[in-house]
Every structure is written in structure tokens, then in C-alpha cells.
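Everything below concerns the one structure shown next.
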Amino acid sequence: MGILDSKVPSGPLADKWTRHKNEINLVNPANKRNIDIIIVGTGLAGASAAATLAELGYNVKTFCYQDSPRRAHSIAAQGGINAAKNYQGDGDSPYRLFYDTIKGGDYRSREANVYRLAEESVNIIDQCVAQGVPFAREYGGLLDNRSFGGVLVSRTFYAKGQTGQQLLLGAYAAMNRQIHRGKIKSYTRHEMLDLVLVDGKARGIIARDLVTGKLERHSAHAVVLASGGYGNVFFLSTNAMGSNVTAAWRAHRRGAFFANPCFTQIHPTCIPVSGDHQSKLTLMSESLRNDGRIWVPKNLEDAKAIREGRLKPTQIAEEDRDYYLERRYPAFGNLVPRDVASRAAKERCDAGFGVNKTGEAVYLDFSAAIARYGREKALTMGLQDPDKETVTALGEEVIAAKYGNLFQMYEKIVDENPYKTPMMIYPAVHYTMGGLWVDYNLQTTIPGCYCTGEANFSDHGANRLGASALMQGLADGYFVLPYTIGDYLSKDIRTGAIPTDSEAFDQTEAEVRERLGRFFQTTGTHSVDYYHKKLGKIMWNKCGMSRNESGLKEAMKEIAELRKDFLENVKVPGSMEGMNTELEKAGRVADFLELGELFAKDALDRNESCGGHFREEYQTPDGEALRDDKKYNYVSAWEYTGNPADARLHKETLVFENVEVKTRSYK
Amino acid sequence: MNLLLKIWRQNNSASRGSLVDYPISGIEGDMSFLEMLDVLNEQLIAKGEDPVVFDHDCREGICGSCSLMINGEPHGPDRLITTCQLHMRKFKDGDTIVIEPFRASAFPVIKDLMVDRSSFDRIQQAGGYISVNTSGHTVDANAIPIEKEKADESFAAATCIGCGACVAACKNASAMLFTAAKVSQFALLPQGQIEATDRVLNMVKQMDLEGFGNCTNTGACEVECPKGISLENIARMNREYLMASAKG
Amino acid sequence: MSGFAKSSIARKVVMALSGLFLVLFLALHVTINMSSVISPETFNAWSHFMGYNPVVQFLMQPILIAGVVVHFVMGIVLEFQNRKARPVRYNQYRGSANAPWVSRNMILSGLVVLAFLGLHMYDFWLHEINYKFVEANPEDPTRYFEETVEKFAPLWRTVLYVISFVLLALHLWHGFASSFQSMGLNNKYSPAIRSFTRLYAIVVPLLFIFIALFHHLNPITH
């Protein structure tokens, strides 16, 4: 076990959380008034934690780089949120949700954490409805559910294509209530640039006011990092432009272990890159795969002709199309899990069958669904022998009712009518399962430094199921952290306010100032984005959907060189005073350039394929992932030692007592 | 395509700003409007000039950060989208594009095209919530059945992303559509009834305090709203407000 | 309650209510005036009643004047507030892209109508005050028709009246329907209400214009 103590309570799985809550120390209400908590990030995990902690009586300070807490990237989640409510009576239960999540994560997550998540999922829905979150409803007035990939029940609650926004607005409203009461002080357009440790405990942060440019010291008895994932290490991802790893990475450098950095989810249905100018990628909901058939041309000449604009997809005859998912995975077909679908698309495009000008796109075709729905509709309308046009028109109506807003979004971006021409899609980086290592209490390896939501590693193993990210963020924030943090803070009731004029604050602030100042002493000509794009290319090509030993070694070397070049040569205009968006980006990219190397190192260490991590050396003869449970049944927790390449590995061995570890198969 | 950009440059909230001309070439129709500005900024940085500052984040039309007045319209000439979803194919080679910040006394300019919309946050802090504790122990979600039509209407109001286009478009810089969307979202739900009176009074009071203008029912906000929030919400808020005032 | 009076919504409602009251008054006014085209006797009888009935003179008339004053004072107050809400104007503002001209220029149409009201008061109301109280003439129930027609003899005044009523039509086109929205009425009946208000906004000013032109073209010859 080494120095990693997961602090998982003993006892039967289903009783662990209840028992733990009964046994941990509490802080009495009068004492909570004397305790300050800093929360970095105001997405679902941060906003919900802030609201609950403030409500319990703690003094909370929240920090976000956006201009309002409500704009954190949780807002972009479309599909839904899982909860084992069993409202549909289809046999769902917390155990089933737990099991699906463990299996979906390819057996690389901690049983006790996942079970707790499944247990709390039911409370989330109750809570959100009480707060006025407008979930979709049936005509009877009760909540509606839909099903998502990788599961056999309908447990996903949703608010059209805006579930993330509605849930975040709910958490933000709860925050607003506490801001109004004076229990939360919200710092917007502030970025945490370092964690301050006093006597080995997290006692505050150094933040930069992005408007004035001033460095500020903020002290607290505990610091919660809810700063999201690090998908932007790839430059192009579905993350927001500002999403970054800085808060987590700075904590890592101060002693928090970073777990499983190479576990990244690449979502199969995104709008493909259109050119070098591309700044970010847009996700199309996974639900499209229910009706769309994915294909590329069978013949290389046809693919080439399409890329050169000499041929249209609709001109390719049925027998000349390769529905490769249906071919390879007859049982699941187009509905294989995200990681499998993504890799299959890459395999075809790498083989030269890509269908847009960059060669990195496959078709998602609705014509079969339109014809099928059209015929069904014609039948129900009593039309005998309808002509083709009528069938198509009727079918398009059905498709529009189901996916209208997505089709409209696609048309706005690509300028092609997806009803008439097949959509083009390609996988894109979407979510990072890895993150700061935390124990059962969500505490990192730094005492007093907690980590919640996407920023931690805890619940999704090597692959996350759809509609589970929102669930984790809210469970952590509303129901887990507020209890577990009390155990730690109960020892701080006599500490009193933490002064910000201590040597620790002086020194940390000086280090931040020095780090930022260095960006203005460079002599090069390339902008921050130039380096970020280069890093993204390395990551995508060598640490992306499939990885191999030599590529990962090259990646480590190239990233280290790029980092050196960046630190010496990046051009940042302006000064530290006032608003300087390039300086903000420079700080973030500097941290990505370190994380990227650790990412590659982690992927290199893990000589197996599991979930989002696919090593070409470890696959079955027909190209499926090959997990190695004997050697790699552990969480990789990396300790910073001064250079990402020299990070020290600590292993938390995963124990599965309640599920049978099996091979995932979708054939 | 080649374009002439006229962009508002202003160093900080205290300084005076002005429009500055930036000719730009090599713009492709597939670029989003913000990607076009990225291209400009890369050129400015290469020349050692300060890049143009503008708010943006998700770049997929949902976070509500981006906020440009493009050729006299918030989020540009296209409808039901935000600036980040506007593509350059909506413009022609040789076009002149005037880019200004959203303007209102309640939205002071921070720098260039970036404005401070914290007034929106304060309006919501004044009452845009249901006072329920978040630490659990609420009733079962299905114990509160809600008529589907009402739930859908509430959702439609709740789709507001708080971008401020309504204020920017309004000739009076009024925030009625925003505030009304927030009031309506709760007013339409049974959970929101308990605090309905105080909510509308407090939110409207804060809206007035922030210095937004008055609604003259021009309907510009509804047209420019990227989420298509309906004017019906304003009527609903007026109604709620009058009833709440009558109650005292 | 003082909070209520200062609130933007309350002020809007005051605008709406005073506006609706004036709309109602216009209906009465145009009805009486129409009688001048059809029957000078009826017109004289009506006019005399309005001029000498104590309820009309000492109750209705002050209310009407108050309505007008409230409507335009509040309108101007709101206009100033609205201008203050955007101290730095846009260099380019395409108001036409998202709102009709009439809705954006209520202050303009309103001020023109107000200026016209000045002329109108001078022409008729001041004249009456002078006739009744300053010169203290005896009651003459037959004079109104002739006096009215004479007013429209000069072309300039007729033209001014026509222009003013066109502006009044524009003002009503937006204002009448808008007042319902201000008072919180926006539902399935709203399209019908809007159609009615727009019909009203055209028909009533058109009738006034017709009356003015009719009298201009049919002077009393004796």
C-alpha cells in the first residue's frame, strides 16, 4: 500500500458510506462560523460544494476564471444525468448503476467510491427538482427518462439537450442564495496560480485578479479543487477554451499525487476539424448513434474522390459502403461504447478511407432511418404504396422531432444539410478520467487539499459512461465532500483565521510572481497558441486514441523539448499589470506542457489496453483491447519530484470484492 | 476573403476607447467569427501589439460568455446563435465589419470588447433561487408532479444563457427579458410559488438599481436572443410584479 | 409602496394606463367630431354639452389633462432614464434589424403629437377659456360648428393636423398594443388584441384626417 491510504471504510459495500458518515468527526454549528473554505472552480462539483458548505455554516470563498460562476464548462453537458431511481420499474438499483459504472470503467476504479456515487445518485434528482431544475417530464407530470450507451435500463434524467446548463444553474442558484446571505464570497475572473502550504497543510491559494492583474493571497482552513479536467492538453477538445489543469497541476507540484493521467475519453461523435484555424471541437450527442449508421467507402479510390470533391457520398452505391461498426461488432453495431467506436473510426481513417478534406472524418448516415421511419409513419397514416418523396418527407419529420436541434447545430457549423447528405463525424477529446488522487474522503495527498468532480480520478476508472460526469460532480459537491471535509476540519476549530502574511504566503507569492515575470523576458516570436497547437499535435498523434511504446517515448522527448523552447521563447505581449489574456494562456500552457509529459509517461508505464487507454502492443488478434489484470490492476498515482519525466509512481491496488472482473466484449 | 475590421479598442474601464481599422486577409468561410479574431490576434502578437480582448469560453453557444456587437447587432447578423457559432460564410469578400462591445451603463467595458456583466449575477442573487437546503432530505422527485406544458415552458425560460444580447439589442439597454426569464423559470413551477412574491419584487428592484433602462416593448431582445426567449416572459413578470406589489 | 412607484415596471404600467385612457378619449373625441361632417346641429349640441356641463368641465376635463400630463411627463422621464442606461452610444446600431421603426421612435411620434396638442389647445381650449371666462360672453349653443370649420380654412393648419395625425397613428400602432404587454397580458388572445389595436391605430387618426380635410375643402361661404 505504501503511502497511499484510500481510507475506504470496512464492512459490507452497501453499508460503508452510511457507517462512515456515522463515525467521522463533525464540527458543531458554532464552530463552523470560524472556519474558512476555499473552493476553486464553480462547475457542478464546485458550485454544489460551495452551496452546501455555506449552508452548513462554513465561510466559503469561490474562485472562477469566468465572469460568472454560472459559465463553468459543466454547462455544456448535453445528454443527461444518471440516477438509480428505478422510476421506469425496469429493475434498476444502486447496485446495478454501480456495476455498470465499474464495468464501463474497465475495472480500473475504486469499488467503494463508485458504490457511494450510485447510492447518492437518487438524492441528486430529488435535490435538483426541489431547487426547480426543469427536467423533462411525461404527460402524467412525472419525470421522464431515457437510456444511454452501455447500459440495459432507462435511468438518465435530462433537460432536452441542456442538462448540464440546467443543473449548473440549479447549483449556481443555490450558491446565489448563500452569496445573498453573505456566506459565500464569489471571486470571478480570478485564477488560482498556486496552493499555499503552511506546515504541510493546504492553507490558502495565490490567485490573480484577471482584470487588475494583481496577485492576491487568500487563506482558509481547507482548499477544495473543483477545477475540471485537462482535455485541453490536446489543444483541440470539446472543453471550453479556458479549461485548464493549472489548479490541479500546481497542487500536484506541491505534493498532491496525480492519478491515471493517461485515462482520457475520446468521444466518437464530434464535428470534424475543418482546418488549421480550428480552435475547438463541438460534440454531437451520443444519442445520434441510435439512428445513424456509420460508414466509409469500401474503395480507396472512392474515398479519394470524395476528399477531392469529385464524388458525393450519396453517389456511393450501397454495396460500395463499409458499415465498419456493423461489420466488426454485429451484436452492438453502431452502439458500441465510446472508446470502441472512436478507435474504429481512427482505424478506417488511418487506412485512407477518411471522407473530408483533412482525411479525418467518417459518415453518420440517417438515410436508412429516414426511409424506415417514413414507411412506418406512412403506414400509421394509412397511406398505401406511398412514393419515395412522401416516405422521405415523413421520415425527415420524425428525425427532426428527435434530433432537430442537433441537425440545426450541425448545419450552422458545417453548412451542409444533414437530412440530405450524411453527417461527417470524427472522435474528439472529451473528458479526462484521470486527475488528482483522492482517498475515500476526497482528500488529496496534501492534508486539507480536497479535490472533486472531473479534477479528481476517483469514479470512472479507464472509461466513463455517458451521463455519469454530472452525477459525479453533484454527488461529490452536494452530498460527499460536505460530510467528509468536516472530519478534517474538526481538528481546526481552535486554529483561528489563517494569516496571509506568513512566510509561506510570502514565498509562494514570490514564486508565482517570478514565474509570470519570466514570460516577459523571452526573446522568441511565437505566440502561446503556436506552442499549444504543437503540444496538441504531439498528444493527439502519440498519446491519443491508440498509443505505442516508441510513440510515447518520442512524445515524452518532444514535449520536454517543446517545453524548453516555450519557456525560453514564447512571446507574451503586455505586462503583468491589468488584463492580459496572453499571460493567462501562457501560464496554463506551461502547466499543460508538464502534464503532457507525465501523461505520456503514465501511458508508457501501463502495458495493457483498458478503457480509453489503448496500447497497440496489447490487443487481441482482431484488434480488441487486451487488459492485464494481473500486472496493472492498480491506480497509478504519480508523485512530483521536480521533473515530470522523473515522477515517482505509487500504486493503489484495486480490490474487487463485489463484482467479477470480466473482459468487455461487444461482438 | 479579405475584410476590413473596425474594432473597438479601449485599454480599461477608465480610458476612452475608439474604433481602430484592421484589414485582414485569408479568412475562410468555415472559420467561426471568433476564430477569425484568433487569426487577427496571432498577427497582432507577431507584430508586438496587444491582442484584442474579448470574452469567450465554450465556443459552442451555451456558456454565454461571448458578447460582440457585430455590424450593429448582438451576436451578428444570423439568428438564434451566439457569436461563437457565427461563421464567416455569412460575410462577403471585401466586407467591412464593425465590432463593438455590448454597451450599457450596467455593463461597463473592462477592456476592448470585454464587458462586466456581474449586474446579471446580482439580479439573480437578489432572489433567483428556491430556498431549499442542498444537503439532502428533500421529498422524492416524483412527489412533485408538474404539468408537462408548464415544465416545458419553465425549461424554455431557463434556457437563457445570460449573455446580455437582450440588453445590447435594446435601444433602452433594458434587462427585462433576462430578468423575466429568470423570474418565469421559477414562477411556472410549483416549487417556486412559496417565494414568488419576494422573488419578483427583489429581482426587479435589483434590476432597477443596476441602472438598466426601461422596457418599451420593441421586441428587439426576443429577436436577438440566441436562445429565442419569448416576450411572454416579460408579460408574465409584469403580471407577477403587479400581483406581488398588490400583496405588499 | 414608494418602492413600487419608483420601479421601472410600475412606471411602464402608468404609461400603459394613461395611454389607454387617452385612447379611450380619442374614441369619444372622434365620434363627436364625426358629427360635424354629418350634422352641424348635432355637433353644436354635443359641443355645447361638453363645454358647459359641470361634470365634464370640472371633473372629466381635469382628469383628462392629468392623464395627458402624466403620460408625457412619464414618457420623458423614462426616455431620459433610458438614455442614461447607455451613456456611450454604439457607432453602428442596426435597430431596424430587430424592431420596427415605430416602436423605436415613440418619443419622436409622442413629441410631435405633444407639439400638436399645444396648437390644438391654443386653437380650441384657450379660445374657449377666453370666450367664456375672459370676455365673459353669454352662452351660444350654435357657434361651435362655424368656429371649427373656420379653423381649417388655412392650408398650413390643415397640413399640420394631417401630419400630426399620421404621427399619432404611428404612436398608437405600437403604443396601444404595447400597453397590454406592459400590464402583463400576453396570451392566446394577444394576436386578436393586436389586430384590433392596429385597426384602431389606423382608423381613428384617418377619421380625424378626413374631418380636417373635409372642412378645409368645404369652407362655410356667407
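The values are calculated or read from the model by the stated rules, or taken from the named source; none is laboratory data. Just so we're clear, the structure is a prediction, and the values are computed from it rather than from any experiment. Methodologically, a virtual Cβ is constructed for each residue, glycine included, from the backbone with ideal geometry; neighbour enumeration extends over all protein chains shown.
The listed residues are A:GLY612, A:GLY536, A:GLY551, and the only one of them that is under 26 Å from A:ALA259 (Cβ atoms) and surrounded by 23 or more Cβ atoms within 10 Å (Cβ to Cβ) turns out to be A:GLY612.
If you go through segment C:1-48 and keep only what is loosely packed, with under 14 Cβ neighbours inside 10 Å, in a helix (DSSP H, G or I) and within 14 Å of another protein chain (Cβ to nearest Cβ), you end up with C:SER2, C:GLY3, C:ALA5, C:LYS6. Checking the structure you have, find out if any residue of segment A:385-405 is within 30 Å of A:SER665 (Cα to Cα), at pLDDT below 90, surrounded by fewer than 21 Cβ atoms within 10 Å (Cβ to Cβ) and in contact with a helix residue (DSSP H, G or I) (Cβ under 9 Å, 6 or more places away or on another chain). Yes, segment A:385-405 has at least one match. Checked against (1) more than 19 Å from the chain's Cα centre (by Cα); (2) more than 26 Å from C:VAL159 (Cβ to Cβ), C:TRP101 passes all but condition (2). Does at least one position in segment C:74-82 carry a residue that is under 25 Å from C:VAL13 (Cβ atoms), modelled with pLDDT of 95 or more, more than 7 Å from chain B (Cβ to nearest Cβ) and outside any helix (DSSP H, G or I)? Scanning segment C:74-82 turns up no residue that is under 25 Å from C:VAL13 (Cβ atoms), modelled with pLDDT of 95 or more, more than 7 Å from chain B (Cβ to nearest Cβ) and outside any helix (DSSP H, G or I). Is it the case that A:LYS601 is more than 20 Å from the chain's Cα centre (by Cα) and more than 14 Å from every other protein chain (Cβ to nearest Cβ)? It is true that A:LYS601 is more than 20 Å from the chain's Cα centre (by Cα) and more than 14 Å from every other protein chain (Cβ to nearest Cβ). Checking each residue in segment C:153-179 for being closer than 21 Å to C:SER7 by Cα and either surrounded by fewer than 21 Cβ atoms within 10 Å (Cβ to Cβ) or under 14 Å from the mean Cα position of the chain (by Cα) (or both) picks out only C:GLY175. Of the residues making up segment B:166-206, those that are assigned to a helix (DSSP H, G or I), closer than 19 Å to B:GLU100 by Cα and facing chain C (nearest Cβ under 10 Å) are B:VAL167, B:ALA168, B:ALA169. Looking across segment B:7-19 at every residue that is touching a Phe, Trp or Tyr at 6+ places or on another chain (Cβ under 8 Å) and surrounded by 13 or more Cβ atoms within 10 Å (Cβ to Cβ), the one that is farthest from the other protein chains (Cβ to nearest Cβ) is identified as B:ILE7.
Quick grid of which residues meet (1) away from chain B (no Cβ under 14 Å); (2) touching a helix residue (DSSP H, G or I) at 6+ places or on another chain (Cβ under 6 Å); (3) touching a residue at least 12 places away in the same chain (Cβ under 8 Å):
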residue: A:GLY182; (1), (2), (3): no, no, no
residue: A:ARG189; (1), (2), (3): no, no, yes
residue: A:ALA207; (1), (2), (3): yes, no, yes
residue: A:VAL211; (1), (2), (3): no, no, yes
residue: A:LYS214; (1), (2), (3): no, no, no
residue: A:ASN239; (1), (2), (3): no, yes, yes
residue: A:ARG250; (1), (2), (3): yes, no, yes
residue: A:PHE263; (1), (2), (3): yes, no, yes
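Only helices (runs of 4 or more DSSP H) whose full extent lies in segment C:88-175 are considered here, and the ones with at least 2 residues that are closer than 25 Å to B:ARG103 by Cα are C:101-104, C:106-120. Scoring B:LEU37 on the criteria (1) away from chain C (no Cβ under 14 Å); (2) within 19 Å of B:ILE161 (Cα to Cα) leaves a single failure, condition (2).
For segment A:323-375, the set of residues classified as modelled with pLDDT under 95 and of a type in the set (Val, Ile, Thr) consists of A:VAL336, A:VAL340, A:THR358, listed by residue number. The C-beta contact set for segment A:559-588 (first residue farther than 16 Å from B:LEU44 by Cβ, second residue hydroxyl-bearing (Ser, Thr, Tyr) and not in a loop (DSSP other than H, G, I, E, B), distance under 8 angstrom, 6+ apart or interchain) comprises A:LEU562/A:TYR531; A:ASP565/A:TYR531; A:PHE566/A:TYR531; A:GLY587/A:THR246; A:ARG588/A:THR246. Against the list (1) within 7 Å of chain A (Cβ to nearest Cβ); (2) part of a loop (DSSP other than H, G, I, E, B); (3) of a type outside the set (Ser, Thr, Tyr), the condition B:GLN124 fails is (2). Scanning segment A:623-653 for residues that are surrounded by fewer than 15 Cβ atoms within 10 Å (Cβ to Cβ), over 16 Å from A:GLU608 (Cα atoms) and touching a residue at least 24 places away in the same chain (Cβ under 8 Å) yields a single hit, A:LEU649.
For (1) over 29 Å from C:SER96 (Cβ atoms); (2) polar (S, T, N, Q); (3) at pLDDT below 95, each residue gets a yes or a no:
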position: B:VAL132; (1), (2), (3): yes, no, yes
position: B:ILE161; (1), (2), (3): no, no, no
position: B:ALA180; (1), (2), (3): no, no, no
position: B:THR197; (1), (2), (3): yes, yes, no
position: B:VAL200; (1), (2), (3): yes, no, no
position: B:MET203; (1), (2), (3): yes, no, no
position: B:GLY219; (1), (2), (3): no, no, no
position: B:ARG236; (1), (2), (3): no, no, no
position: B:TYR241; (1), (2), (3): yes, no, no
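For segment A:138-238, the strands (runs of 3 or more DSSP E) that sit wholly inside it and include 1 or more residues that are more than 26 Å from A:PHE258 (Cβ to Cβ), touching a strand residue (DSSP E or B) at 6+ places or on another chain (Cβ under 9 Å) and of a type in the set (S, T, N, Q) are A:184-187.
Pick from B:ILE146, B:ILE97: which is over 23 Å from A:GLY43 (Cβ atoms), more than 8 Å from every other protein chain (Cβ to nearest Cβ) and β-branched (Val, Ile, Thr)? Exactly one residue qualifies, and that residue is B:ILE97. Residues in segment A:435-450 that are polar (S, T, N, Q) and assigned to a loop (DSSP other than H, G, I, E, B) were compared, and the one that is surrounded by the fewest Cβ atoms within 10 Å (Cβ to Cβ) is A:ASN441. Among the residues making up segment A:433-481, those that are out of contact with any Ser or Thr (no Cβ under 9 Å at 6 or more places or on another chain) and modelled with pLDDT of 95 or more are A:THR444, A:THR445, A:ILE446, A:PRO447, A:GLY448, A:CYS449. The set of residues in segment A:563-603 being in a helix (DSSP H, G or I) and surrounded by fewer than 20 Cβ atoms within 10 Å (Cβ to Cβ) consists of A:LYS564, A:ASP565, A:LEU567, A:GLU568, A:ASN569. Of the numbered criteria (1) of a type in the set (Val, Ile, Thr); (2) at pLDDT 95 or above; (3) over 30 Å from A:ARG116 (Cβ atoms), the one A:THR522 fails is (2).
Criterion applied to A:LEU44, A:LEU97 was being closer than 26 Å to A:ASN244 by Cα, away from chain B (no Cβ under 11 Å), at pLDDT 95 or above and under 20 Å from the mean Cα position of the chain (by Cα), and the one residue passing it is A:LEU44.
For segment B:28-41, the condition of being among the polar types (S, T, N, Q) and surrounded by 16 or more Cβ atoms within 10 Å (Cβ to Cβ) holds for at least one residue. Step by step: first the residues of segment B:57-84, then only those that are away from chain C (no Cβ under 14 Å) and on the phi > 0 side of the Ramachandran plot, then the one that is surrounded by the most Cβ atoms within 10 Å (Cβ to Cβ). Which residue is that? Once the filter is applied, the top-ranked residue is B:GLY64. Checking each residue in segment C:181-196 for being within 21 Å of the chain's Cα centre (by Cα) and surrounded by fewer than 21 Cβ atoms within 10 Å (Cβ to Cβ) picks out C:MET183, C:ILE193, C:ARG194, C:SER195, C:PHE196.
Just one residue in the set C:VAL68, C:VAL37, C:VAL23, C:VAL30 is farther than 21 Å from C:LEU117 by Cα and in contact (Cβ under 8 Å) with a residue 24 or more places away in the chain; that residue is C:VAL37.
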